Every structure is written in C-alpha cells, then in structure tokens.
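Okay, so here's the structure we're looking at.
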Amino acid sequence: MKSSIKKITGMVLLVATLFSCNQGPSLQTYYVDNQEQPNFLSIDVPLSMLNIDKMQLSEDQKNAYESIKKLNMLAYKIKADNMDDYEAKLTEISTILADPKYQELMRGGNPEDGKFIVKFLGEEDDVDEFIVFGNSDDKGFIVVRILGKEMNPNKIMSLVSTLDKASIDDSQLNQFKAFFN
C-alpha cells in the first residue's frame with residue numbers, strides 16, 4: 001500500500017513539474033528577471049496615486065476601478081552603448097507577447113514617435129490582465145501590466161476617459177519621464 005501511494009505521489013509530482021516547465025517564458029518571469037537589471041526601471045503603481053476614488057464615477061466606471069488590483073510598469077532605456085542588449089530584450093519581450101494566450105485588443109502609433117499594442121489575458125468580458133507595450137527606436141520600450149479580476153474592456157476604457165480630470169499624484173510617473181530624458 002505504501003509503495004502504491006509513493007508511486008502515485010511521484011507521478012503527480014512528475015506531471016506537475018513537467019507541466020510547469022513547459023509553460024515557457026511569461027511576462028511575470030520577464031518582470032522578475034529584469035526589474036533590477038541595468039537600463040531597466042520598474043515601478044509598482046498604487047491605485048491610490050490616481051485619486052480616482054475621489055471622483056464622481058458612473059456605475060460602470062466604479063465597477064472598472066474596483067476590478068483593478070494593481071499596475072506594474074517596466075521600462076528599458078536605449079543608450080549609445082546598449083543597442084545590442086536593447087535588441088535582445090526587445091526580441092525577448094516581443095516573443096513572450098506573441099504567445100496566443102495574449103489576445104490583441106488594439107494597436108497604434110507610428111514609426112517616428114513609437115508604436116504601442118494593447119493585449120489581454122482572459123476572456124473578452126472577464127479580463128485578468130491588460131498589457132500595454134510601447135516602443136520607440138530612439139527611446140526604448142515600456143510594458144505596463146494592469147492586473148485585476150473580472151475586468152471589462154469597455155468599462156476600463158470608460159474609466160480611462162476620467163483620467164484627464166483626475167488629480168494624479170505623478171511623483172512615481174515622473175521617474176519614468178526622467179528615465180527617458
């Protein structure tokens with residue numbers, strides 16, 4: 001009996017190990033692996049910094065705000081001596097985001113100012129994570145992860161429209177502005 005339990009336990013551990021090893025690179029591991037590397041800047045943005053909770057919100061906007069748990073930002077700055085590293089890091093993040101599990105929501109920009117793409121994980125009306133990836137060939141790139149539960153893209157876009165009126169505490173965002181200057 002003990003040997004059967006050991007065999008079953010061993011098989012379960014083996015399957016779990018193989019499954020977790022075959023997941024490939026993820027955006028989360030990319031963040032963790034690079035957040036303290038040279039040429040990177042990483043910031044966790046608390047929602048309280050946006051001061052949205054102090055605004056008059058519609059029911060959809062309020063639901064959208066409450067569905068967001070946190071925002072993470074990771075940026076890579078181009079310098080004269082790191083172009084090869086930039087290309088490698090850009091290829092790595094682009095490969096991760098090319099995984100079909102990251103569904104495209106929209107893209108835009110232009111070659112002079114830079115391009116961006118918005119992707120998401122989850123279902124179209126029940127999103128767990130939005131990813132905004134932007135890059136400029138003369139500045140670098142930025143990845144913003146908006147993590148939450150049961151986020152709805154239409155409600156989130158409605159909430160984004162209120163940011164123009166918000167009195168955002170941009171002390172942490174100024175780090176990004178200074179980083180790219």
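List of remarks:
- Filter on Lys62/Lys139; Lys54/Lys139; Lys54/Lys101; Lys54/Lys89; Lys69/Lys101; Lys62/Lys115 - keep pairs with C-alpha separation over 32 Å: Lys62/Lys139; Lys54/Lys139; Lys54/Lys101; Lys54/Lys89
- For the stretch 57-139, the fraction of C-alpha pairs more than 15 angstrom apart is 67%.
- Taken along the Cα-to-beta-carbon direction at a fixed 7 Å, the label points for Leu121 and Lys101 span 0.6 nm.
- Carbon-plus-sulfur accessible fraction, the stretch 54-156 (probe radius 1.4 Å, protein heavy atoms only): 47%.
The values are calculated or read from the model by the stated rules, or taken from the named source; none is laboratory data. Computed from a prediction, not measured in an experiment: that's the story for all the values here. Cβ sites come from the backbone with ideal geometry, for glycine too, and all protein chains shown count toward neighbours. The protein model used for the area step is the full one, side chains on, heavy atoms only, and it has no ligands, DNA or RNA in it. Shrake-Rupley method; radii C 1.70, N 1.55, O 1.52, S 1.80 Å.
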